[in-house]
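See below for the structure under consideration.
Nothing in this text is a laboratory measurement; each read-out follows from the coordinates by a stated rule. Note that the structure is predicted; figures quoted are calculated from it, not measured. Cβ sites come from the backbone with ideal geometry, for glycine too, and all protein chains shown count toward neighbours.
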Amino acid sequence: MKQSNPKYRRLWLLAMFCLLALSNCSDNLEHDALPDGTTGLLSLSVGGFQILPSFESNISEYKLELNEEVEQIILHAKSSSNATIMVNSQLFSGEEELEVTSGINQFEIQVIKNGEVRGYRLIITKIHHEDSLARDEGANDD
């Protein structure tokens with residue numbers, strides 16, 4: 001039996017590696033469209049902070065806890081083309097600085113396209129540093 005040329009074998013292995021690497025990367029890319037006929041967000045984030053759970057277009061409620069010192073956030077939201085985004089009944093440009101006050105701040109986000117409306121909710125709670133410490137210490141009391 002004749003052995004294959006090592007040069008072609010290396011090229012074949014390199015090509016397979018590249019294909020596998022590219023197929024795994026696609027999960028981390030922002031999608032440019034939702035499934036046909038679906039209205040919703042393509043992305044939602046708060047600059048410098050991690051919302052929970054991580055954004056997925058089919059999840060409608062997100063939470064974020066902030067220290068009391070934070071007075072404003074930068075909200076980023078992207079929808080498919082031809083869709084309108086409203087935040088608390090105000091037209092949203094896709095990236096805006098929003099004020100957060102003490103306690104619970106609730107942002108109602110609506111995506112409107114072709115008469116369909118999809119709603120999301122972002123609940124931001126400002127906590128005192130002492131409240132956070134008490135909660136952390138309570139979690140360790142067993």
Distance in nm between Gln106 and Ile123 label points, each 7 Å along Cα→Cβ, equals 0.8 nm
The FRET efficiency for Glu69 and Asn114, from their Cβ-Cβ distance with R0 = 30 Å and rounded to 0.05, is 0.10
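Once fully extended, how much extra length lies between Ser60 and Glu97, figured as 0.36 nm per residue of separation less the alpha-carbon to alpha-carbon distance? Display every interim value, and only then the final one.
Working: separation 37, 0.36 × 37 = 13.32 nm, distance 2.12 nm.
11.2 nm is the gain from fully extending Ser60 to Glu97.
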Note, Ile51: beta-carbon cut-off 13 Å, +1 each Lys/Arg, -1 each Asp/Glu, net -1
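When 1/r is averaged over all different Cα pairs and the result inverted, which Kirkwood radius in Å belongs to the range 41-140? Working shown, then result.
Values: mean 1/r = 0.0693 Å⁻¹.
Roughly 14.4 Å, rounded to one decimal.
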